[in-house]
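Below you'll find the structure, written out as structure tokens, and then a few comments.
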Amino acid sequence: MISTTPTSRAETPIAFIAAMVQAYAQRGMNPTAALEKAQIAPSLLNQPQTRVTALQMEWMSEAAMRELDDEALGWFRRRLPWGSYGMLVRASLTAPTLGLALTRWCRHHNLLTDDIRLTLSTSDGLAHIELHEAHDLKTLREFCTVSVLRNALGVACWLTDSRIPLSATALRFAPPPHADSYGVLFDGPSQFNAPQSRLSFDAGYLKLPIRRDEAALQRMLQRALLLTVRPYRRDRLLVEKVRQTLAEHPENSRNADNLAAWLNLSPRTLHRQLKEEGASLQALKNSVRRDTSVDLLLRSTRPIKQIAVEVGFQNEKSFMRAFKGWTGTTPEAFRQGG
């Protein structure tokens with residue numbers, strides 16, 4: 001038995017542990033060793049309101065996946081041998097953006113099993129990862145749906161190294177006795193008895209670049225189950241939104257208060273989230289000013305003074321000083337050299 005005592009809050013429904021025990025029963029196998037590794041007393045399986053910690057869930061899941069040689073834990077008619085989900089992530093790793101990575105992930109998942117079908121779509125500014133059942137998953141529907149969707153979201157967050165907040169979660173089953181735990185399982189509002197199960201989030205995340213490589217994948221696979229429980233604080237999309245607003249709507253970004261209001265944030269939250277991302281508002285302003293200046297110098301014949309005003313400087317002298325700091329040369333010399 002693992003000697004480490006789980007100290008995190010117990011928030012995972014015992015129903016998910018019971019579902020794994022059911023997978024053992026389907027294979028005529030004994031779950032006792034796995035339950036012992038997870039420090040879960042068998043008697044708790046008959047207490048619906050019981051919760052276990054994320055660490056206990058991780059211990060139990062890993063033990064069950066290895067003993068059953070099934071990363072799907074009995075959800076599907078055909079086993080998904082150990083390493084199947086790692087293979088899915090590896091196939092998505094070379095995609096340039098999250099949108100293409102998730103498209104690959106869904107397509108390849110559909111090749112592993114025909115019991116469910118995953119799709120990625122967009123509508124009204126939202127991206128949707130949707131799960132369709134090819135047949136009735138019955139008592140395993142909830143555990144399968146929650147696990148697959150949380151895995152997909154975890155992969156998306158890991159690939160972009162970003163928190164991806166959910167706009168909504170739809171679930172194709174009735175509220176279970178532990179429905180109150182869904183506020184922990186999925187952020188944002190959850191709707192039960194939906195026509196299809198799906199996660200929805202800002203479609204802007206699909207444009208984020210993939211930030212992981214093979215070395216990072218090897219490290220992640222050592223504890224891959226953390227993908228479904230690890231909270232990400234940083235939000236990569238915020239930096240992109242700030243950069244876009246500074247470039248396209250300068251009238252709404254003259255100061256932090258105006259910019260924060262435009263982004264529906266408080267100034268304090270804006271600064272805090274940028275700091276968590278390792279960025280600052282001033283650094284982003286300088287970056288956008290530099291890029292816009294370079295583009296105007298190379299693609300137009302506008303006077304230096306006019307460009308200075310357009311990128312937000314009060315006079316030509318301060319613009320020239322800043323530009324030289326960015327590029328090591330004056331705007332006029334840069335234009336001639338370019």
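If I model a spin label as a point 7 Å beyond the Cα along the Cα-Cβ vector, how far apart are those points for Thr122 and Arg77 in nm?
3.6 nm
Suppose we look only past 17 Å in the calculated P(r) of the stretch 10-68. What percent of the Cα-Cα pairs does that tail hold?
Counting every Cα pair in the stretch 10-68, those more than 17 Å apart make up 26 percent.
Counting pairs of alpha carbon atoms under 8 Å apart in space and at least six apart in sequence, what relative contact order in percent does the stretch 84-228 give?
Values: 227 pairs, mean separation 43.7, N = 145.
Relative contact order of the stretch 84-228: 30 percent.
Loop-only check: which trypsin sites (Lys or Arg not before Pro) in the stretch 71-133 are DSSP coil with at most 11 other Cβ within 10 angstrom?
On the way: sites: Arg77, Arg78, Arg79, Arg90, Arg104, Arg107, Arg117; in loops: Arg77, Arg78, Arg79.
Taking the stretch 71-133 and a limit of 11 other Cβ atoms within 10 Å, the loop trypsin sites (Lys or Arg not before Pro) found are Arg77, Arg78.
In whole percent, what relative contact order does the chain give with Cα contacts below 8 Å and a gap of six or more residues? Please list the in-between numbers first.
On the way: 464 pairs, mean separation 41.3, N = 338.
Over the chain, the number comes to 12 percent.
Per residue, what volume in Å³ does the convex hull of the Cα atoms of the stretch 84-228 enclose? Numbers along the way, then the final one.
On the way: hull volume 15.3 nm³, N = 145.
Once divided by residue count, the hull of the stretch 84-228 is 105 Å³.
Is the shape of the stretch 233-278 rounded, prolate or oblate, going by the alpha carbon gyration tensor and its root eigenvalues a ≥ b ≥ c, with a/c under 1.5 for rounded and a/b larger than b/c for prolate? Could you put the intermediate results ahead of the total?
Details: a/c = 2.30, a/b = 1.42, b/c = 1.63.
It comes out oblate by the Cα gyration axes.
Show me 59-69, 294-304 ranked by packing, highest mean number of other Cβ atoms within 10 Å first. Intermediate results must be reported in sequence, preceding the final value.
Working: 59-69: 20.0, 294-304: 13.5.
In decreasing order of mean packing, 59-69, 294-304 become 59-69, 294-304.
Please give the FRET efficiency for Trp326 paired with Arg302, using the beta carbon to beta carbon distance and R0 = 22 Å, rounded to the nearest 0.05. Mind showing how you got there, number by number?
On the way: r = 18 Å, r/R0 = 0.82.
Result of the calculation: an efficiency of 0.75.
Which FRET efficiency value, to the nearest 0.05, do you get for Ala134 and Arg27 by plugging their Cβ-Cβ distance into 1/(1 + (r/R0)^6) with R0 = 25 Å? Numbers along the way, then the final one.
Details: r = 22 Å, r/R0 = 0.87.
It comes out at approximately 0.70.
In a solvent-free Debye calculation with one equal scatterer on each Cα, what is log10 I(q)/I(0) for the stretch 281-321 at q = 0.14 Å⁻¹, listed in the order of the q values?
The Cα Debye sum returns log10 ratios of -0.27.
Taking the Cα atoms of the chain, what is the range of coordinates along each of the three principal axes, in descending order and whole Å?
The Cα atoms of the chain stretch 80, 43, 36 Å along the principal axes, largest first.
Where does the stretch 164-207 land on the Kirkwood hydrodynamic radius, alpha-carbon pairs, in angstrom?
With all distinct Cα pairs of the stretch 164-207 included, I get 11.0 Å.
With just the Cα atoms of the stretch 179-338, tell me how far they stretch along each of the three principal axes, in Å, largest first.
Reported extents, whole Å, longest axis first: 63, 38, 29.
Show me 21-34, 194-207 ranked by packing, highest mean number of other Cβ atoms within 10 Å first. Mind showing how you got there, number by number?
Numbers: 21-34: 15.8, 194-207: 18.3.
Result, highest mean Cβ count within 10 Å first: 194-207, 21-34.
By average Cβ neighbour count within 10 Å, what is the ranking of 329-335, 135-141 from highest down?
Working: 329-335: 15.4, 135-141: 13.6.
By packing density, highest mean first, the sequence is 329-335, 135-141.
At a Cα cut-off below 12 Å, give the aspartates and glutamates reachable from Lys241, other chains included and same-chain residues fewer than 8 away excluded.
Asp202
Read-outs throughout are calculated quantities, based only on the coordinates presented, and are distinct from any laboratory measurement. Computed from a predicted model, the values in this text were never measured in an experiment. Neighbour counts are summed over all protein chains in view; Cβ atoms, including those assigned to glycine, are modelled from backbone coordinates with ideal geometry.
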